[in-house]
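Taking it in order: structure first as structure tokens, then the write-up.
The values are calculated or read from the model by the stated rules, or taken from the named source; none is laboratory data. Given the structure is predicted, the values throughout are model-derived calculations rather than measurements. Here Cβ is always computed from backbone atoms with ideal geometry, including for glycine, and neighbour counts include all displayed protein chains. Side chains are part of the model used for accessible areas, which takes the heavy atoms of the whole protein and leaves out ligands, DNA and RNA. Shrake-Rupley method; radii C 1.70, N 1.55, O 1.52, S 1.80 Å.
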Amino acid sequence: MLRGVMLFAALVCAGIGSVGAQTEADTLTSSFSVDGIPVILRRNTSNNVVVANVYLLGGVRQVTPTTSGIEPFLLAVSERGTQHYPKAVLRSRTSALGSDFVIAPSVDWTMFGARTITSGVDSTWAIFADRLMYPAIQPAEVELVRAQLLSAQRQERDDPDAYVSDLADSVAFSGHPYAIAETGNATSLASITAADLRQYQKSQIVKSRMLIVVVGDVTRAHVEALIHSTFGRLPAGSYKWTLPPVVPVTPSSAVLVQRDLPTNYLLGYVAGPLASSPDYTALRVAATVLTGQMFAEIRGRQNLTYDVHAPFLERTASASGLYVTTVAPDTTLKLMKFFITQLQNEIVTREGLQRLELQFITQYFLDNETNASQADFLARSQLYQGDYRRAMSFVEDLKSVTPEAVQAAARKYMKNFHWAYLGDTTKVDRRLLESF
């Protein structure tokens, strides 16, 4: 995030006034269905890398607090052997191919992806599909993975940023499905059994929960054949993708945790609109305007922090927020509140917004340099807005945001913050936190 903030500041300081980037028709991407599974294919012949992502839809809405984390747990266990690839064979084949597999859980879906080169597509796909369709789930391997997952959870408590993020999630999303951790909790990870994993695989790895996105130099006929011979054999299931409810708006609150640290960590969230709302982009822009203003004053001029920004959580039910690390929390909070009030009461100039567009456009192209990031961008557009082609209208959507829309988003959403504070609790006034 700091990279993005500094990029914004650099663009503003440089006074760059125009960008020649224009949205062009996307003739390289197509969508189709294979045996009932929706597929998006972007034919990219500019490099030799092929990315295939399966998005298992539903995320935390598919689990309960007692089963949270079961999906990434299952996928992690699948790396330790499948029906057709015992562990040693699976690992040696993967190594020989130079392929890589990615597990990325989120609150809205779990992404399981394969990365390979064009000559290794068929062999990599065979392992990829076997891990999802026929994991061995040996009890001894389940225990090894469990130990790793629990160890990772304990280590998060030693990372102030990860810990304050968990605390903020617990207070900001209470009463919403997003309150459930997509990676699980210590209790759920300790209690999930091999039998639970087998039952979950049988009931939840179904075609109706899948969106497949492939980016690389591979033809539609090739992709269709791969899916038809593997995932096309899965049960259909009855899942239907829908947007989650908006995050409920409740009065401001704060959770303070005492810890002896060199600095103090503050993170507060507010509920935002659904991804289908016109307010979504406006709030995103408002958060970036706020980031630039706070960064220039709180870090640049007053040197009160290393990092200050207004995060925007890009989810189907969005959220915005405030983040800072500082040794002077009360002074910094007052400045942050000043800039929120200013954004709510004053209209951002058109010139200022045009400069801001530069940051988004530059970041857009940086974010889409790789085939993997293009696959994720296409998937988000399809699932958030119902059409992968909306990925190509990102710049136009951004430019359609007016200064009045930014002010309206700030007024509507930037209130009722829910804070998490980690550090010296004697240095912060709880009443100040709860006044946001």
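Listed values, structure above:
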item	result
With Cα atoms, 0 to 90° folded angle of helix 194-204 axis to the chain main axis	90
Radius, Kirkwood style, for segment 131-195 when every pair of distinct Cα atoms is counted (Å)	13.5
With Cα atoms, 0 to 90° folded angle of helix 220-229 axis to the chain main axis	70
Efficiency of FRET from Cβ geometry, Ser95 and Asp122, R₀ 22 Å, rounded to 0.05	0.80
Ratio Rg/Rh, restricted to the chain and using Cα atoms, in which Rh is the Kirkwood radius	0.98
Accessible area in square angstrom per residue, segment 200-283, 1.4 angstrom probe	44
Under 5 Å, built H, 5+ apart or other chain: amide partners of Leu274	Ser318
Carbon plus sulfur fraction of accessible area for segment 221-335, probe 1.4 Å, in percent	55
Carbon + sulfur, % of accessible area of segment 348-400 - ligands and nucleic acids excluded, 1.4 Å	49
Given Lys240/Lys412; Lys240/Lys399; Lys337/Lys427, the pairs whose alpha carbons are separated by over 28 Å	Lys240/Lys412; Lys240/Lys399
Hits among lysines - C-alpha to C-alpha of Lys87 under 22 Å, sequence gap 8 or more where chains match	Lys202
In Å², nearest 10: area of Tyr306 left accessible to a 1.4 Å probe	150
Surface per residue (accessible, 1.4 Å probe) for segment 284-436, Å²	40
With Cα atoms, 0 to 90° folded angle of helix 279-294 axis to the chain main axis	50
Cut-off 13 Å (backbone N to label point 7 Å along Cα→Cβ of Leu28), residues of segment 202-245	215-218
